[in-house]
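Remarks on the structure that follows.
Nothing in this text is a laboratory measurement; each read-out follows from the coordinates by a stated rule. Every value quoted in this text rests on a predicted model; they were computed, and no experiment measured them. For neighbour counting, all protein chains shown are included, and Cβ atoms are generated from backbone atoms with ideal geometry for every residue, glycine included.
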There are 2 protein chains.
Amino acid sequence: MDGKAAPDAVAAVDQARQWGRLMEMAEFGAIPGEGVNRACLTALDRASRRLLLAWGAEIGLAPSIDALGNLFLRQEGTDPTLPPVLTGSHMDSQPNGGRFDGIWGVIAGLEAIQALREAGLATKRPIELVAWTNEEGGRFAPGCMGSMAYAGYRPAHAWDEVTDAEGMSFGAELEKHLALEAHIPRRPLGVVEGVAPFAYVECHIEQGPLLEAEDLDIGVVEGIQGSRWFSVEIIGRSDHAGTAPVSLRRDAVQDMVRAITALNALMYDPADVLRFTVGRVEVSPNSSNSVAARARFSIDCRHPDAAVLRARGDAVPGVVQSAMRGCSASVAERFNALPTAFSPMICQVVEDAARAQGMGVRRMQSGAFHDAQFMVPLCPSGMIFVPCRGGVSHHPSEYSTPSQLAAGARALTAVLAELANR
Amino acid sequence: MDGKAAPDAVAAVDQARQWGRLMEMAEFGAIPGEGVNRACLTALDRASRRLLLAWGAEIGLAPSIDALGNLFLRQEGTDPTLPPVLTGSHMDSQPNGGRFDGIWGVIAGLEAIQALREAGLATKRPIELVAWTNEEGGRFAPGCMGSMAYAGYRPAHAWDEVTDAEGMSFGAELEKHLALEAHIPRRPLGVVEGVAPFAYVECHIEQGPLLEAEDLDIGVVEGIQGSRWFSVEIIGRSDHAGTAPVSLRRDAVQDMVRAITALNALMYDPADVLRFTVGRVEVSPNSSNSVAARARFSIDCRHPDAAVLRARGDAVPGVVQSAMRGCSASVAERFNALPTAFSPMICQVVEDAARAQGMGVRRMQSGAFHDAQFMVPLCPSGMIFVPCRGGVSHHPSEYSTPSQLAAGARALTAVLAELANR
């Protein structure tokens, strides 16, 4: 690697171009308050991917798509036979999400590749930019389907029967998407059918308050806390709200309230490290003068310690069952990701690249899960965080400044230049 | 009144015809499990009303419709200047409702009028059959809009801005309905613009277990417990489920759970007379990995004692506010109906008519509210209950036998003959 070329590439990162692209992407699914609602495999998701393809085509990147709809843009290496360095993130958003979560990791990857090209820096290894399918899991649970299938963590058709709130299945929507994108060359599905990357680096906003509070530029992510997701269904009996004696009811709302209260006790953590969330609730028939016959709710439980996560998560079904008074309950685990440790080598490359540019850096854990965690068994993997205002994410007010995001892209550029020449 | 004509009319009640009509009506909005989902002011509601109009036309009943869409079919009296006897109920159903709640009261009224005609029994007073608009309140809350406006309890346009789950407003849907039914002669709105009836009698299934348990035919309804409905909105803040510390959250689901738990304590009644129901819950953004920014729920509270209902209901806003930890809450009262006492005269007429036909009779209270309660200030009013299986209502399995329903129609026939000749 040319000792001078990497700094040239870093200098070629264009803050205004990257910001402009993010704002263009934010128009797909724009919602009030500068937010974005871009659910995976929708027309909006497709429109944002097609814009990415167009930008990639302008600089000669070769597109391909796999069986999960994961989208790749390849910058060839001087030795095309070598496993590529992979970078990217996802383009879907939360239903009431912001303009940076996920999409910035994709746009930053594009910016870094474009900067390398504009600096005339050819790398030995190919560099591939990836947009993973359905990271958020807001429309089809769980999230990270694209990266999980790529990594062989779950089979490609594991989620075909998962339905969204309108009853559309993931399998049918994916099939439709692939048919609409049939002009994109098909590639084998990740390490299941293909070959492992040489390394994986993902840029993302922090989604927490630390970098901003400490006025730092770059977070070197050493690991991700583990996550377990459950869905609970409580079956009661509908009754007339005016006639059925309360003592004789099998009221699904009331047993749901009892279950959540019991789960709060199970999940109580005086250290406030454990994250326990009931974010989704659905009641049927959902009529104010009918006793609820059914209630469903989600459980999202996270902790950096695998033993804690195992113990609390394993107790969920029993605690829910014990809380039932008149109803029956079933608990299904939808997602179980152990705490992840990223590659010390990648962490060091990221830290060195950022410090060489005079940036303020800290090592940290990620509270959110990311596609990157599924790359860990495949290849040396890591993440680059930048600050976000107030630590707010999954909300329209999510915000990072153009210069914070440009700093992240500059760090990534140097990291890709380093890794792709190893 | 001819002492013999009334028995002839009672004998003319046709069990098979009444049952056949109920089964025909149940096809409008049929759902699995023999249920019905026929929301008010929908095309299904209109279709059922048009079928009623057709049946009325076959026997020469004169239709009219008022500003709330309440539909009337008039059998003329020998003295058309006298205030009519009014009977009927509603044709809309719960979203997951049964085949008898409401609709039977309308079909029974038609059967009774037809039986009187077939027996050649002309009455002095006109008899009017009414189908009230939106009794259930399942699509547009509260229920009983048609009868409340007819009675002058609330102004005709009180609910114009009320929206359904799809954001359609009651006012716009009513306007559309009236435009589609413009061929029906328009009549003044009840006592607001018109004249009070001489009496009102409504047939309904019991929606409770007493008549079946005691093997009786007819319930003489002496009163209806009071109802208060509230809607509660809790505003929190959305956060990332993996990053936001639990202690710093403003989680709308958690504060909703705390509010419902506190309300359970407020509404606890060791005598199990008070009916407290949270039947409707809506959470936003309703994503499993986002802390809820908003939660809404309904409160339905009923008791036969006005003082109890006043005290418990008035305490609702304070109890909800006290339960908030990180969120803010607003409580709106949607409906407030005091306990109702029906006319002793009507109760006696119903009881005498049923006993004269050898039926088993008891006096009772109604747990559910009904359009009849809004008629009480206007004219002597009452209700006739028949048994329903297991006391189940507001559910597809709601059921009364053809012979139980025929007994109710026979009682009504004799009651109408008696009242319309007074």
Seminar exercise, completed: Length gained if residue B:117 through residue B:180 is fully extended, taking 0.36 nm per residue and subtracting the Cα-Cα distance, is 19.6 nm
Exercise. Is there a simple number for the mean count of other chain Cβ atoms within 10 Å of the Cβ of residues in B:390-400, and what is it?
Worked result: 4
Exercise. For chain A, which span is the longest to avoid every loop-located (per DSSP) member of GluC sites (Glu not before Pro) having at most 10 other Cβ atoms inside 10 Å?
Worked result: A:167-422
Exercise. Inter-copy label distances at residue B:167, 7 Å along the Cα→beta-carbon direction, one decimal in nm, shortest first?
Worked result: 2.2
For this session: Under 18 Å Cα to Cα from residue A:124, which aspartates and glutamates show up? Leave out anything in the same chain fewer than 8 places away.
Result: A:2, A:8, A:76, A:79, A:418
Problem set entry | Spacing of the two label points (7 Å from each Cα toward its C-beta) at residue B:166 and residue B:307, in nm | 4.8 nm
Seminar exercise, completed: If R0 = 22 Å, then residue A:265 and residue B:247, at their Cβ-Cβ distance, give a FRET efficiency to the nearest 0.05 of 0.90
Problem set entry | At 7 Å out from Cα toward Cβ: residue A:314 inter-copy label distances (nm, ascending) | 5.5
Exercise. Which Cα, out of A:37, A:85, A:56, lies furthest along the positive dipole direction of region A:6-98 (beta carbon charges, K/R +1, D/E -1)?
Worked result: A:37
For this session: Any chance you could give the angle, 0 to 90 degrees and rounded to 10, that helix A:306-323 forms with the longest Cα principal axis of chain A?
Result: 20 degrees
Exercise. Given R₀ = 41 Å, FRET efficiency for residue A:51-residue A:352 by Cβ-Cβ distance, to 0.05?
Worked result: 0.75
Seminar exercise, completed: Here the net charge surrounding residue A:337, from other residues whose Cβ is less than 14 Å away from its Cβ (Lys, Arg +1; Asp, Glu -1), is +1
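With only alpha-carbon atoms in the gyration tensor, what are the semi-axes of the equivalent ellipsoid for the protein assembly as shown, in Å, largest first?
Equivalent ellipsoid semi-axes, largest first: 66, 26, 21 Å.
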Exercise. Across peptide B:88-96, how many C-beta atoms of other chains are within 10 Å of each residue C-beta, on average?
Worked result: 2
Seminar exercise, completed: Label points for residue B:62 built 7 Å along Cα→Cβ; distances to same position in the other copies, nm, shortest first, come to 8.6
For this session: Would you mind ranking A:395, A:157 by Cβ crowding within 10 Å, fewest neighbours first?
Result: A:157, A:395
Exercise. Among all the aspartates and glutamates, which ones have a C-alpha under 12 Å from residue B:176's C-alpha, if same-chain residues fewer than 8 places away are not counted?
Worked result: none
For this session: Would you please state which residues of region A:256-273 a label at residue A:315 would reach in this model, taking the label point 7 Å out along Cα→Cβ and a backbone N cut-off of under 13 Å?
Result: A:262-270
Exercise. How long is the gain from residue A:27 to residue A:341 if the chain were fully straight, where each residue apart is worth 0.36 nm and the alpha carbon distance is subtracted?
Worked result: 109.5 nm
Seminar exercise, completed: Taking every residue of A:343-356, the Cβ atoms of other protein chains inside 10 Å of its Cβ average out to 0
For this session: Against the globular-protein guess of 2.2 N^0.38 Å, express the Cα radius of gyration of chain B as a ratio, rounded to two decimals.
Result: 1.03
Exercise. Once you put a point 7 Å from the Cα of residue B:403 and another 7 Å from the Cα of residue A:389, both along the Cβ direction, what distance in nm separates them?
Worked result: 7.5 nm
Seminar exercise, completed: Summed over the other residues with a beta carbon less than 13 angstrom from that of residue B:90, with K and R at +1 and D and E at -1, the charge totals -4
Exercise. Could you give the distance between the Cα centres of region B:232-250 and region A:243-267, to the whole Å?
Worked result: 22 Å
Exercise. Quick one: if you take sqrt(5λ) for each eigenvalue of the C-alpha gyration tensor of region A:226-337, what semi-axes come out, biggest first, whole angstrom?
Worked result: 29, 12, 11
Seminar exercise, completed: Ordered by number, the trypsin sites (Lys or Arg not before Pro) in region B:1-69 that occupy a DSSP loop and have at most 14 other Cβ atoms within 10 Å are B:4
